[in-house]
Amino acid sequence: MSQTPAHFRDQVSTLTDDGLKRKWIYPKIIKGKLYKYRSAVSYFFLLLLFSAPFIKVNGEPLVLLNVLERKFVFFGIIFWPQDFYLFALSLLIFIVFIVLFTVIFGRVFCGWACPQTIFLEMVFRKIENWIEGDHNQQKKMDMAPLTFNKLLKKTLKHSLFFCISFLISNVFLAYLIGSDKLIEIITEPIKDHLSGFISIWLFSLIFYLVFSRMRELVCTVVCPYGRLQGVLLDNQSIIVAYDYKRGEPREKITKGQSTQSGDCIDCKLCVQVCPTGIDIRNGTQLECINCTACIDACDMVMAKISKPLRLIGFKSETEIKNKTPFSISKKIYGYGGLLAILMALLGFLIIKRSDVQTTILRASGTLYQIRDKDNSISNLYIAEMVNKTDKIIKFEIVPEDEHVNIQYVQKPTTIAYGGSTKVTFFVILPQNIIKKYKTKIAFKLLSDKKVLDRFETTFIAPLNN
Ligand code: SF4
Ligand code: SF4
């Protein structure tokens, strides 16, 4: 895509030229138009991220991802392990959506909606700038010998970083175990919640290291999504790109001097603002998180030299090369169609999802019992009912065939909210109606005369009786 030498492809922007040491990135903050939009979007997401586990819908959190208990809640709807197919399908839809979104808009999710970027750029970076000054002052301070002032500023910065990491850790845990359990951990004696207490401090330490030390390495080295760009992007994808047709050949200018070169004046402001330390003029790179900081920076330069804006902008390679507008490729139609089908399937399955899921099994080690008293055969079953709703369910089991009778060994009548109940019962059939060794029998699970579930099993009987 670029017209510049490709030596940058042999180097990592965050390593020194000899490749032995990390090159710390000090990005300049330019508060352009896109930065203002990005700030607004980030504050919205921050509010959502911090409040989602604490907002209750139907008594359940807005979002809960309790992996340990295998309970997931989205918008107050509980998904249990029995609904795993729905969860897997939702995950698949999310992946297809991300793929489709990336094919069209590149990695814009990373720069605008990823929690890692939002926290780093809109919280931690701002605190750093507030305490240590702008990028130049930060660089100068890091190179200077330790003084009382430096120690004071660094201590204050890292203390604040750890406090915010501690807060994030608590909210993160609320997503995993629920806000009620988190409040119990916070308010009750430590000895009663030792594992929860250790988890909070462990996550705090991890978040602190991520935001104070690892930073952009999470996006460029750890996150697998960035590495997928190479296979997801094509010439039609709209990404943050430098218009090399317009910008090259780049040439430095002095004020008021006219030039026959391209529009890029090689001021390198786009490089100075980049949080991953790359030069977007070298073309698409996996380190680019599409944060759009370089667009703001270059727009500011273009405005100053009275040239049209968006030398760097949201453009596709085709748009830059052929000056043609965006068009929908076959790939987009394909992913779009697949996404629509998967979403329709998910909607259908959610509508069809029953409030109770029943599993019935013949009691282990039993086949059938011959009842000479009334010339009937019985089989012993254990049924387990899982309540997927947020209320207690009263129930009764009713056979669909009028010849089938039930005799309970133990008969609970309710299923606790979010729990399960086991019922052990004999199914009795008169011998004269049994025609096969295995007979299919069906049951309805009723609650207030409403059918909540329907389940089937096989009934075994000797043929010559
Ligand atoms: S900010 Fe714009 S003008 Fe300056 S170097 Fe980058 S692309 Fe060229
Ligand atoms: S190249 Fe531009 S959009 Fe990409 S990460 Fe750097 S500043 Fe952000």
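Readers should treat all values here as calculations from the given coordinates under stated rules, not as data from a laboratory. Owing to the predicted nature of the structure, the values given are computational and were not obtained by experimental measurement. Glycine gets a Cβ as well: all are built from the backbone with ideal geometry, and neighbour counts include every protein chain shown.
Data for the structure
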{"item": "Cleavage-rule hits (trypsin sites (Lys or Arg not before Pro)) in region 319-375: DSSP loop, at most 12 neighbouring Cβ within 10 angstrom", "result": "LYS323, LYS373"}
{"item": "Subset of LYS33/LYS126; LYS150/LYS268; LYS28/LYS126 violating a 21 Å alpha-carbon distance limit", "result": "LYS150/LYS268"}
{"item": "HN-Hα J in Hz across region 217-222 - Karplus 6.51, -1.76, 1.60, θ = phi - 60°, x for Gly and Pro", "result": "5, 4, 6, 8, 10, 7"}
{"item": "Placed amide H near CYS267: partners under 5 Å, 5+ positions off or other chain", "result": "none"}
{"item": "Mean shadow area of the chain over all directions, Cα convex hull, nm²", "result": "32.7"}
{"item": "Too-long pairs where the Cα-Cα distance tops 23 Å, listed order kept, from LYS36/LYS304; LYS252/LYS304; LYS352/LYS388; LYS140/LYS252", "result": "LYS140/LYS252"}
{"item": "Signed unit charges on C-beta, dipole axis of the chain, positive-most listed residue ILE185, LEU339, LEU15", "result": "LEU15"}
{"item": "Restricting region 371-458 to chymotrypsin sites (Phe, Trp or Tyr not before Pro) in coil, as DSSP defines it, with at most 15 other Cβ within 10 Å", "result": "TYR417, TYR437"}
{"item": "Relative contact order, percent, the chain [alpha-carbon distance under 8 Å, six or more residues apart]", "result": "15"}
{"item": "From phi via Karplus (6.51, -1.76, 1.60), per-residue ³J(HN,Hα) for region 282-289 in Hz, x at Gly/Pro", "result": "7, x, 4, 9, 5, 6, 6, 9"}
{"item": "Potential extension, TRP130-LYS23 segment - 0.36 nm per residue separation minus Cα distance", "result": "36.3 nm"}
{"item": "DSSP H segments from the chain that extend 18 Å or more along their own axis, Cα-based, with Kyte-Doolittle mean of 1.6 or above", "result": "84-105, 194-209"}
{"item": "Computed magnitude of the charge dipole of region 319-465 (debye, nearest 20; Cβ of K, R +1, Cβ of D, E -1)", "result": "640"}
{"item": "Filtered trypsin sites (Lys or Arg not before Pro), region 116-171: DSSP coil and at most 13 other beta carbons within 10 Å", "result": "none"}
{"item": "Nearby lysines by direct alpha-carbon distance to LYS245 (threshold 17 angstrom, same-chain neighbours under 8 apart not counted)", "result": "LYS307, LYS315, LYS321, LYS323"}
{"item": "Cβ-based net charge around GLU400, under 11 Å, with every Lys or Arg adding one and every Asp or Glu removing one", "result": "0"}
{"item": "Under 13 Å, Cβ to Cβ, from THR220 - net charge with Lys/Arg +1 and Asp/Glu -1", "result": "+3"}
{"item": "Longest to shortest principal axis, alpha-carbon extents of region 232-322, angstrom", "result": "43, 30, 18"}
{"item": "Net dipole in debye of region 142-270 [+1 Lys, Arg Cβ; -1 Asp, Glu Cβ; about Cα centre; nearest 20]", "result": "580"}
{"item": "Three-way shape label, region 28-231, alpha-carbon gyration tensor, a/c 1.5", "result": "oblate"}
{"item": "Cα lying deepest toward the dipole's positive end in region 67-196, options LEU146, ALA113, SER90, charges on Cβ", "result": "LEU146"}
{"item": "Rg/Rg_ref, region 138-199, where Rg_ref = 2.2 N^0.38 Å and atoms are Cα", "result": "1.65"}
{"item": "MRE, 222 nm, helices only [DSSP H, n ≥ 4, -39500 (n - 2.57), over the chain, to nearest 500]", "result": "-12000 deg cm²/dmol"}
{"item": "Charge tally in the Cβ shell below 11 Å around GLY418, where Lys, Arg are +1 and Asp, Glu are -1, GLY418 excluded", "result": "0"}
